[in-house]
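The values are calculated or read from the model by the stated rules, or taken from the named source; none is laboratory data. Bear in mind the structure is a predicted one, so any value in this text is a computation, not a measurement. Counting neighbours? That spans all protein chains shown, and the Cβs are built from the backbone with ideal geometry, glycine included.
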Amino acid sequence: MTFTEPLLSVVDLTMTFPGRRRSAPVRAVDGVTFHVAAGETLGLVGESGCGKSTTGRMIVRLLEPTAGSVTYDGRDISHLSQRELKPLRQDLQMVFQDPHSSLNPRQTVARIISDPLLVQGGSAADARKRVAELMELVGLIPEHIDRYPHEFSGGQAQRIGIARALATGPRLVVADEPVSALDVSVQAQIVNLMDRLQRELGLAYLFIAHDLSVVKRVCDRVAVMYLGRIVEIGPKERVYAAPAHPYTRALLSAVPLPDPAAERARERITLHGDLPSPAAPPPGCAFHPRCPKAQEVCRTGTPALRRMEPGAARQVACHFPEAA
Ligand SMILES: Nc1ncnc2c1ncn2[C@@H]1O[C@H](COP(=O)(O)OP(=O)(O)O)[C@@H](O)[C@H]1O
Ligand code: SF4
Ligand SMILES: [Mg+2]
């Protein structure tokens, strides 16, 4: 295996939002570290409110981190100004959860998709030609170039969002729950499209989802977040086959299995209680109030994210991880 510098490195990334009125500050993301290589997909998974979007928005610098760093292609971009970020925008793009609300209803597809090209200083005629190519690439009919977003279904609208993200030829796309708002029947089509585009264009993805089943097809590695922290990260095959963190096990046990016999036989772990507020995280291991394996030490000692064994690709933050 040849060693390559990661395309993206996130180290101790932290976002603390000031609390409203007199409430405590919200530590939405709390010391997150991971790397994404060129052409690789990292799945980022966890319940709603665990800090996935905030992490994604810091990486594309829609938000400025309060601590830690985002290094893209060897350059620390954590605190660059909007002007300094402009040339990087063509490399770093984002696809949003709700395709319709992320597209301007008063703009045609031509305008929406060409916008990032014109911002980078392209000509209008070239941009229109490129938009037609992009529409074809994402499975839209190029003749629909002058239509408005409401004339498209949810799945088609997300294809427009993907075409817009690809317009400038990015190397890294942060996809924030790109299929969560779509009908189940359409979800697989969009996941397959993104998978194909990645292979054809050599893209790297940070693919965010609240459900482990969604990222299984596309990701090479997967990271599981709980209350602002990564609790488990590793190669997809290992994490799905033998989850080491009790939270990963619970998330996986909620994913239906296609084989009815296997579905009946498998262990199901129900998580009790809601995700605690990141403004008042439980002491020790933040998962302890909901963890079926919690011991006394879990109430006081915060488990660090550690390698399962020296040199292992998988890291887990638990005092009592399942053996790999
Ligand atoms: N702009 C903001 N101001 C205050 N709190 C925020 C803001 N954005 C997100 N949060 C809080 O940060 C936490 C993480 O949110 P988010 O990153 O959107 O989670 P996810 O994408 O995993 O659902 C939540 O508790 C959310 O309420
Ligand atoms: S550290 Fe303890 S409470 Fe936290 S996940 Fe592991 S066993 Fe459960
Ligand atoms: Mg989100």
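Remarks
- Residues (free of Cβ contacts under 8 Å to residues at least 40 places away in the same chain and of a type in the set (Val, Ile, Thr)) located in region 265-324: ILE269, THR270, VAL297, THR300, THR302
- Scanning region 170-181 for residues that are under 20 Å from SER102 (Cβ atoms) and touching a residue at least 40 places away in the same chain (Cβ under 8 Å) gives PRO170, LEU172, VAL173, VAL174, ALA175, ASP176, GLU177, PRO178, SER180, ALA181.
- Among residues of region 120-143 that are within 21 Å of GLY154 (Cβ to Cβ), those with a beta-carbon under 7 Å from a residue that is at pLDDT 95 or above and of a type in the set (Lys, Arg) at least six positions away or on a different chain give the pairs VAL138/ARG159; GLY139/ARG159; LEU140/ARG159.
- Taking the criterion of being part of a strand (DSSP E or B) and either without any contact (Cβ under 8 Å) to a residue 24 or more places away in the chain or in contact with a helix residue (DSSP H, G or I) (Cβ under 6 Å, 6 or more places away or on another chain) (or both), the residues of region 40-65 that qualify are GLY43, LEU44, VAL45.
- Residue within region 66-88 that is under 30 Å from ARG249 (Cβ atoms) and in a loop (DSSP other than H, G, I, E, B) present: no
- Answer residue from region 244-254, given it is touching an Asp or Glu at 6+ places or on another chain (Cβ under 7 Å) and assigned to a loop (DSSP other than H, G, I, E, B) and is farthest from ligand 3 (Cβ to nearest atom) among those: ALA244
- If you go through region 206-223 and keep only what is closer than 18 Å to THR33 by Cα, touching an Asp or Glu at 6+ places or on another chain (Cβ under 8 Å) and more than 16 Å from ligand 1 (Cβ to nearest atom), you end up with ASP220, ARG221.
Listed here are the residues, each with its yes/no results for (1) buried (at least 17 other Cβ atoms within 10 Å of the Cβ); (2) within 16 Å of ligand 2 (Cβ to nearest atom); (3) in contact (Cβ under 8 Å) with a residue 24 or more places away in the chain.
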| position | (1), (2), (3) |
| --- | --- |
| ALA38 | no, no, yes |
| ASP76 | no, no, no |
| HIS79 | no, no, no |
| GLN93 | yes, no, yes |
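- Test: ALA67 is surrounded by fewer than 23 Cβ atoms within 10 Å (Cβ to Cβ) and modelled with pLDDT under 95: no
- Selected residue (criterion: farthest from the chain's Cα centre (by Cα)) from residues of region 156-201 that are charged (D, E, K, R) and outside any helix (DSSP H, G or I): ASP183
- Pairing each residue of region 186-213 that is in contact (Cβ under 8 Å) with a residue 60 or more places away in the chain with any residue that is within 16 Å of ligand 3 (Cβ to nearest atom) and of a type in the set (Gly, Ala, Ser), provided the two are 6+ apart or on different chains, yields C-beta distances under 6 Å for TYR205/ALA175; PHE207/GLY43; PHE207/ALA175; ILE208/GLY56; HIS210/SER48.
- The set of residues from region 280-316 being surrounded by 13 or more Cβ atoms within 10 Å (Cβ to Cβ), more than 22 Å from the chain's Cα centre (by Cα) and within 16 Å of ligand 1 (Cβ to nearest atom) comprises PRO281, PRO282.
- Annotation: of all residues in region 41-58 being among the β-branched types (Val, Ile, Thr) and more than 9 Å from ligand 1 (Cβ to nearest atom), the one that is surrounded by the most Cβ atoms within 10 Å (Cβ to Cβ) is VAL45.
- Per the conditions (1) loosely packed, with under 14 Cβ neighbours inside 10 Å; (2) within 16 Å of ligand 3 (Cβ to nearest atom); (3) of a type in the set (Ser, Thr, Tyr), the sole criterion not satisfied by THR270 is (2).
- Candidate set: region 1-16, residues that are touching a Lys or Arg at 6+ places or on another chain (Cβ under 8 Å) and in a strand (DSSP E or B); chosen: the one farthest from LEU201 (Cα to Cα): THR16
- Test: residue in region 228-237 that is in a loop (DSSP other than H, G, I, E, B) and either at pLDDT 95 or above or out of contact with any Ser or Thr (no Cβ under 7 Å at 6 or more places or on another chain) (or both): yes
- Test: PRO282 is within 16 Å of ligand 3 (Cβ to nearest atom) and within 20 Å of SER48 (Cα to Cα): no
- With respect to the conditions (1) within 10 Å of ligand 1 (Cβ to nearest atom); (2) more than 15 Å from the chain's Cα centre (by Cα), LEU7 falls short on a single one, namely (1).
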